[in-house]
Ligand SMILES: C[S@@+](CC[C@H](N)C(=O)[O-])C[C@H]1O[C@@H](n2cnc3c(N)ncnc32)[C@H](O)[C@@H]1O
């Protein structure tokens, strides 16, 4: 495939930058990444529309990416600052409709706030219908852009200075916080003791595995069914299994809820009570995406002994599971392994899991920055998730 040599979109990636970049690299070509602002220059967006949803393609792309908070389409690249005003006016003028005020947000990357303030002033002089929402050029977060419906009631434009050029980009989609709440805090069956995967992280895991049309996503430790639910939302068939019958019943309840809220196809998901260490993988084709068992849920700083026990128990499960996967049709594995904040062992459990994976025909895949794993942690948590990515050796 010939790549577009020009940046077509700007994407704002989440806080776990290495992980989010690994995800985005599966669904776009990345030209550059700006560490200071977390912005990536993208082209050749890979679109998946397995469900034929009546949605704008840019909106759909962003809705499927857990690690990209905002997407802006490049409108024009200019070399001189005065040309920016002209470009903005051409974009905004056709959308002005009296008596409605047009909510305007201007954001800058590498440009002084003074320049944004001047642009705001000049545009407001051109039309009294324009209302500057951030007249002082201060950045506006994606939460506010979403809550205040800026993209419907006006627009956000980003002026990005890079390599002597000025990129003018129009925000086309921001993360839909309401939809994330619906499938996180508002889902009917939740288990606070076990802890549940945030849907955004479930999307990232799925996207790194990148199931192809016709493939199935297997989650052998499905718990409340977050990963299976996200697969269903994209339109990918999925199998959720768990040792605990109560969790399977809960996952099914959540699936019925998602089916209603997101109009999912009922037949896409299958559920079963099963022990992941005894599953026969030989006849299974597709990808394995999971937040595996994380061991004991520590509420307080655990002792080294307690960590050691959890490490042994969880390790045994992974060792057996990977042993069962030898010769299976599972092409890719993306899984969370526990990593204990206070663990004094020399190597994390994930290193052992990768060794067992190698012994059973899988090879770790490295990320863009050469990473073999990605740590996803919350500041207060005693157990972090370490994400490993394995591909079947051919
Ligand atoms: C961290 S939770 C998964 C949570 C899930 N990702 C979610 O979002 O709800 C791990 C799950 O693994 C299950 N489990 C533990 N050992 C298992 C085994 N040997 N086979 C299958 N499931 C197991 C537990 O019952 C639990 O539901």
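Can you tell me the length gained on complete extension of the stretch residue 5 to residue 76, counting 0.36 nm per residue apart and subtracting the Cα distance?
Contour length minus Cα-Cα distance gives 24.1 nm.
What does the convex hull of the Cα atoms of segment 54-156 come to per residue, in Å³, rounded to a whole number?
In segment 54-156, the Cα convex hull volume per residue is 125 Å³.
With both bridge residues required to lie in the chain, what share of the DSSP beta bridges run antiparallel, to the nearest 5%? Spell out each step's value before the answer.
Numbers: 44 of 72 bridges.
Antiparallel: roughly 60 percent of the beta bridges in the chain.
Given segment 139-255, report the % of alpha carbon pairs whose separation exceeds 18 Å.
I get 61 percent for the Cα pairs in segment 139-255 exceeding 18 Å.
How much length would be gained if the chain were fully extended between residue 297 and residue 265, taking 0.36 nm per residue of separation minus their Cα-Cα distance, in nm to one decimal? Before the final figure, lay out each step's value.
Values: separation 32, 0.36 × 32 = 11.52 nm, distance 3.42 nm.
That works out to 8.1 nm of additional length.
Under 8 Å for C-alpha pairs, at least 6 residues apart: give me the relative contact order for segment 179-392, rounded to a whole percent.
Reported relative contact order: 18 percent.
Tell me the Kirkwood radius of segment 114-178: reciprocal of the mean inverse pair distance over distinct alpha-carbon atoms, in Å. Could the numbers behind the result be given before it?
Numbers: mean 1/r = 0.0765 Å⁻¹.
When all Cα pairs of segment 114-178 are included, the Kirkwood radius is 13.1 Å.
In percent, what relative contact order does the chain have, based on Cα pairs under 8 Å that are 6 or more apart in sequence? Working shown, then result.
Working: 774 pairs, mean separation 50.8, N = 394.
Dividing the mean separation by the residue count of the chain yields 13 percent.
Beyond 17 Å, how much of the Cα-Cα pair distribution for segment 238-288 remains, as a whole percent?
Distances greater than 17 Å cover 42 percent of the Cα pairs.
Mean residue ellipticity at 222 nm from the helices of the chain, using -39,500 (n - 2.57) per DSSP H segment of n ≥ 4 over the full residue count, to the nearest 500 deg cm²/dmol?
For the chain, the value works out to -10000 deg cm²/dmol.
What is the helix-to-structure angle for 82-92, meaning the angle in degrees between its Cα long axis and the longest Cα principal axis of the chain, kept from 0 to 90 and rounded to the nearest 10?
70 degrees
Out of every Cα-Cα pair in the chain, what percent are more than 40 Å apart?
Result: 23 percent of Cα pairs exceed 40 Å.
Using only the alpha-carbon atoms, how far is helix 113-126 inclined from the longest principal axis of the chain? Give it as 0 to 90 degrees, nearest 10.
It is inclined by approximately 50 degrees.
So what's Rg/Rh here for segment 260-376, counting alpha carbon atoms and using the Kirkwood radius for Rh? Let's see the in-between values first.
Numbers: Rg = 16.3 Å, Rh = 16.1 Å.
My calculation of the ratio gives 1.01.
Can you give the angle from 0 to 90° between the axis of helix 245-261 and the longest principal axis of the chain, with both taken from C-alpha atoms, to the nearest 10?
30 degrees
Order the peptides 211-219, 88-96 from the highest to the lowest mean number of other Cβ atoms within 10 Å of their residues.
211-219, 88-96
Starting from the eigenvalues of the Cα gyration tensor, five times each then square-rooted, give me the equivalent ellipsoid semi-axes of segment 179-392, largest first, whole Å.
Details: eigenvalues 129, 88, 51 Å².
After scaling each eigenvalue by five and taking roots: 25, 21, 16 Å.
How high is the relative contact order of segment 9-175? Use alpha-carbon pairs under 8 Å, at least six apart in sequence, and give a whole percent.
27 percent
Mind checking the full-extension length gain between residue 148 and residue 365? Use 0.36 nm per residue of separation minus the Cα-Cα distance, one decimal, nm.
Working it through step by step, the gained length comes to 74.1 nm.
Which residue, 227, 337, 159, has the most motion in a Gaussian network model of the chain that connects Cα atoms within less than 10 Å?
Result for the chain, Cα springs under 10 Å: 159 fluctuates most.
Computed from the coordinates by the stated procedures, all read-outs in this text should not be read as laboratory data. Fair warning: this is a prediction, and the values are worked out from it, not measured in the lab. As a convention, Cβ positions derive from the backbone with ideal geometry for all residues, glycine included, and neighbour counts pool all protein chains shown.
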